[in-house]
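In what follows, a structure is listed as structure tokens, so that the remarks can point back to it.
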Amino acid sequence: MTSVNKTIRNLLNNRILIIDGAMGTMIQTYHLDEEKYRGERFKTIEQHVKGNNDLLVLTQPEIVLEIHKQFLEAGADIIETNTFNANAVSMEDYKMTDLVKELNIEAAKIARRAADEYTLKDPTKPRFVAGAVGPTNRTASLSPDVNNPGYRAVTFERLVEIYDEQMRALIEGGVDLILIETIFDTLNAKAALFAINTIKEESGNDIPVMISGTITDASGRTLSGQTPEAFWNSMSHGEILSIGLNCALGAKDMIPHIKEISQVAWVYTTAYPNAGLPNEFGQYDESPEAMANVVEQFMKESWVNIIGGCCGTTPEHIRAIAEKAKNYAPRHVPELAY
């Protein structure tokens, strides 16, 4: 086991770690237009790229760096690379599949720079970089065509290829962990897990892998139909560091689902909910204090080892959550009984 892997596990056994908040929300506060998204390098391309937040690691790297630093200053132990959609499937929408490797390497380097700066400030509080791997905009389990239920917009093999490309680049860029997140289709996640485990086997790199699913509605299931316990059972074979949930729901609505996972998983658990549910304008209104008060139950009940925020969460939200986390011990991970 590498020293980074050991350090992370030792920390998780002793305190609740804080993961950062929403990169997208923070980017919106800069009110970037099409010109800013393009930068000088892509000034003359034909396609529109506004909204391609991953591209900003190439065109506005200082903004991405500044956001990372704001979350670190707020108390985050783990920051995520700005690579949620930096894969060949998602980048097809912007005709930028040729940039996937560069996007991930540069995003990892920017986050690495920020994390190392804050670790140097206080070596007793090491900071880590998680390579963010999103679910893509395709689903391997369900057909997008209601008239053809057997049709699939992507194959398992194709997903393995695109995840392999992304994660190799993230590792080359210097991430400490891989975070496969916002999983709505477990088959997609299995492709990502297969890819990273193949990389680990080939390279001898035992980089820790975090898994985070998303419950899509009040049914308490993922889009592909699994309950939290079923989701855990599908992922539990994967030699993972942690499992949990993020996005889709606010902290209050996530309570029963995090509780369920915490009761069955024999790995560390994570939760980073939204700042409530979006209003009619798509904005998130839950205040840092209100969110931290709800999330406190996760920690008081010993359901989590890693806590943070997803959509709508700002550095202020993370700071409020981090302050609460100081008062609680981490969840005890049960031993697997054979």
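Just so it is clear, none of the values below were taken in a lab; they were calculated from the coordinates. These numbers were taken from a predicted model, which means no experiment stands behind them. Ideal geometry is used to build each Cβ from the backbone, glycine not excepted, and the neighbour counts take in all protein chains shown.
Local charge sum around K125 (other residues, Cβ-Cβ under 11 Å, Lys/Arg +1, Asp/Glu -1)?
Residues near K125 contribute +1 overall.
Select from I211, I67, I180 the residue whose mean-square fluctuation is largest in a Gaussian network model of the chain (Cα-Cα springs shorter than 10 Å).
I67
I'm checking a number: the convex hull volume of the Cα atoms of region 3-325, normalised per residue, in Å³. What is it?
134
Taking 0.36 nm per residue of sequence separation and subtracting the Cα-Cα distance, how much length would be gained by fully extending the chain between H332 and E172, in nm to one decimal?
Taking 0.36 nm per residue and subtracting the Cα distance, the gain is 54.3 nm.
Hey, which of these cross-link pairs are over 25 Å Cα-Cα: K50/K324; K252/K324; K69/K300?
Beyond 25 Å between Cα atoms: K50/K324; K69/K300.
Among L103, L55, what is the fewest-to-most ranking by other Cβ atoms within 10 Å?
Ordered from fewest to most neighbouring Cβ atoms within 10 Å, L103, L55 come out as L55, L103.
Any idea what the relative contact order of region 29-170 is, in percent, if you count C-alpha pairs under 8 Å spaced at least 6 apart?
23
Quote to one decimal, in nm, the extra length available between S203 and D217 on full extension: 0.36 nm per residue of separation minus the C-alpha distance between them.
1.1 nm
Only Cα pairs within less than 10 Å get springs; with that Gaussian network setup on the chain, which residue of L99, L17, L249 has the largest fluctuation?
Looking only at L99, L17, L249, the largest GNM fluctuation is found for L99.
How high is the FRET efficiency from K95 to N147, r the C-beta distance, R0 30 Å, rounded to 0.05?
After rounding, the FRET efficiency stands at 0.55.
Around H68, what is the net charge, scoring Lys/Arg as +1 and Asp/Glu as -1 over all other residues with Cβ under 12 Å from its Cβ?
That sum, taken over residues with Cβ under 12 Å, equals -2.
Which residue, V304, V209, V154, tops the fluctuation ranking in a GNM of the chain built on C-alpha contacts under 10 Å?
Of the options given, V154 has the highest mean-square fluctuation.
Which value at 222 nm does the chain reach when only helices count, each DSSP H run of 4 or more adding -39,500 (n - 2.57), with the total divided by all residues and rounded to the nearest 500 deg cm²/dmol?
Rounded to the nearest 500, the figure is -13500 deg cm²/dmol.
Just add up the charged neighbours of M299: K/R +1, D/E -1, any other residue whose Cβ is under 9 Å from the Cβ of M299.
Once positives and negatives cancel, what remains is +1.
Which residues among region 240-265 fall inside the zone where the amide N is under 18 Å from a point 7 Å beyond the Cα of N293, along Cα→Cβ?
Correct set: 250-255.
Using the number of other C-beta atoms within 10 angstrom as an exposure proxy, rank W232, W266, W303 with the fewest first.
Fewest-to-most Cβ neighbours within 10 Å comes out as W266, W303, W232.
Take S302 and K6, extend 7 Å from each Cα along the Cα→Cβ direction, and tell me the distance between the two endpoints in nm.
The two pseudo-label positions are separated by 2.7 nm.
Can you put D164, D98 in order of Cβ neighbours within 10 angstrom, beginning with the fewest?
With the sparsest Cβ surroundings first, the list reads D98, D164.
Let me have the relative contact order for region 3-325, percent, based on Cα pairs under 8 Å that are six or more residues apart.
This gives 18 percent for region 3-325.
Evaluate the charge dipole of the chain about its Cα centre and quote only its size in Debye, nearest 20, assuming +1 on the Cβ of each Lys and Arg and -1 on the Cβ of each Asp and Glu.
640
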